[in-house]
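Undergrad: Structure incoming, see below.
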Amino acid sequence: MTEIHTNRNHKDSVFTKLFGEKSNLLELYSAISGKNYPESTKIEIVTLSDVLYMNQINDIAFVLEDRLIVLIEHQSSINNNMPLRMLQYLSAEYDMIVDRKSLYKQKRIMIPTPEFIVLYNGDKKFPDYKELKLSDSYNFKTPDLYLELVVKVYNINKGHNADMAVKSPVLSGYEEFIAEIKKNLKSMDLREAIKLAVKACISKNILVSFLERHSSEVLNMLIRGEWNMDEAKQVWQEEAREDGREEVHEEILDLIKKGYTVADIEKHLREQTRSVTA
């Protein structure tokens with residue numbers, strides 16, 4: 001197996017910044033897998049850019065014990081196309097790992113076993129654990145399944161999968177930090193909500209070292225990340241076109257002009273959808 005060369009020309013998210021640190025990543029994966037990996041465990045981060053997301057990504061890919069693990073934080077509604085996106089990601093990773101010329105040799109090429117994990121902390125109700133399967137997207141269902149890909153989704157909102165949070169204090173702290181931001185967003189704008197959450201967590205001795213070292217970066221990453229208005233607007237418009245609701249385009253633009261946040265607009269669109277289907 002050849003050396004993996006990664007492209008890190010993307011913008012980090014808070015998730016990738018925090019768990020991109022080897023000790024934090026080992027602690028997190030230990031909590032997820034139920035194993036206990038010591039600090040001495042060899043781990044290689046092999047995250048690729050511009051595969052799952054465009055500019056800022058919330059994924060970490062790493063090789064551990066000859067396994068290739070793709071770990072993603074998902075803050076918005078769960079995307080049921082995640083298995084297909086993971087398949088594309090895996091293909092890109094294997095393309096980096098394997099020398100193409102060796103594909104034509106008779107000797108079998110050994111590759112790291114893949115594993116796909118999503119950590120969900122969005123606002124919609126979601127079970128503690130759910131599996132998304134590539135086969136669910138097949139047009140034709142057959143008993144003979146020749147290709148399957150399973151994505152394991154864990155809900156990491158506070159109150160879910162508490163055993164994982166107990167095993168990983170860093171994960172527990174991250175859950176608390178995100179929960180503080182969400183709570184603050186009910187009564188203030190995003191920038192103030194993040195600043196107040198940082199202060200509150202430091203005062204509670206939560207992620208103190210990380211937040212003190214990266215407080216300004218955290219603010220910038222969160223503002224341009226999941227709450228990125230331009231990217232969100234593009235997604236809303238594409239979905240509106242697919243649904244044949246052209247009038248939604250103008251409505252979204254009007255809400256943006258009025259200063260609505262991404263969270264406000266998403267809430268408004270969800271309420272509209274419920275009223276239509278009721």
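The values are calculated or read from the model by the stated rules, or taken from the named source; none is laboratory data. Because the structure is predicted, anything quoted here is derived from the model rather than measured. Here the Cβ positions follow ideal geometry from the backbone for every residue, glycine too, while neighbour counts run over all protein chains shown.
Undergrad: Within segment 49-64, take every residue that is surrounded by 16 or more Cβ atoms within 10 Å (Cβ to Cβ), of a type in the set (A, V, I, L, M, F, W, C) and under 14 Å from the mean Cα position of the chain (by Cα) and give me the one that is modelled with the lowest pLDDT.
TA: The extreme case among them is L52.
Undergrad: Within segment 66-106, track down each residue that is touching a strand residue (DSSP E or B) at 6+ places or on another chain (Cβ under 9 Å), farther than 21 Å from T16 by Cα and among the charged types (D, E, K, R).
TA: Correct list: D66 only.
Undergrad: I would also like to ask the following. Determine if segment 178-189 includes at least one residue that is part of a helix (DSSP H, G or I), free of Cβ contacts under 8 Å to residues at least 40 places away in the same chain and under 21 Å from L71 (Cβ atoms).
TA: yes
Undergrad: Output the helices (runs of 4 or more DSSP H) that fall wholly within segment 14-110 and possess 3 or more residues being farther than 21 Å from N121 by Cα, or say none.
TA: 82-97
Undergrad: How many residues does segment 122-147 contain that are touching a strand residue (DSSP E or B) at 6+ places or on another chain (Cβ under 7 Å) and either of a type outside the set (A, V, I, L, M, F, W, C) or not assigned by TED's automatic domain parsing to the domain that holds V70 (or both)?
TA: Count: 7.
Undergrad: Please enumerate the residues belonging to segment 182-211 that are of a type in the set (D, E) and modelled with pLDDT of 90 or more.
TA: Listed by number, the list holds a single entry, E192.
Undergrad: Taking the condition of being surrounded by 13 or more Cβ atoms within 10 Å (Cβ to Cβ), of a type outside the set (A, V, I, L, M) and outside any strand (DSSP E or B), how many residues in segment 111-135 meet it?
TA: 7
Undergrad: Quick check, is S91 small (G, A, S) and either modelled with pLDDT of 95 or more or within 28 Å of H160 (Cβ to Cβ) (or both)?
TA: no
Undergrad: Return yes or no: is H214 closer than 25 Å to S23 by Cβ, in a helix (DSSP H, G or I) and either touching a helix residue (DSSP H, G or I) at 6+ places or on another chain (Cβ under 7 Å) or at pLDDT 65 or above (or both)?
TA: So H214 fits the description; yes.
Undergrad: Condition check: of a type outside the set (V, I, T) and exposed (fewer than 11 other Cβ atoms within 10 Å of the Cβ). Does Y104 satisfy that?
TA: The answer is yes for Y104.
Undergrad: Would it be correct to say that S172 is among the small types (G, A, S), under 18 Å from L18 (Cα atoms), crowded, with 17+ Cβ neighbours inside 10 Å and touching a Leu at 6+ places or on another chain (Cβ under 6 Å)?
TA: No.
Undergrad: Output the residues belonging to segment 138-156 that are buried (at least 19 other Cβ atoms within 10 Å of the Cβ) and polar (S, T, N, Q).
TA: N155
Undergrad: Of the residues G173, G159, which single one is part of a loop (DSSP other than H, G, I, E, B) and either over 17 Å from the mean Cα position of the chain (by Cα) or more than 17 Å from G122 (Cβ to Cβ) (or both)?
TA: On inspection, the qualifying residue turns out to be G159.
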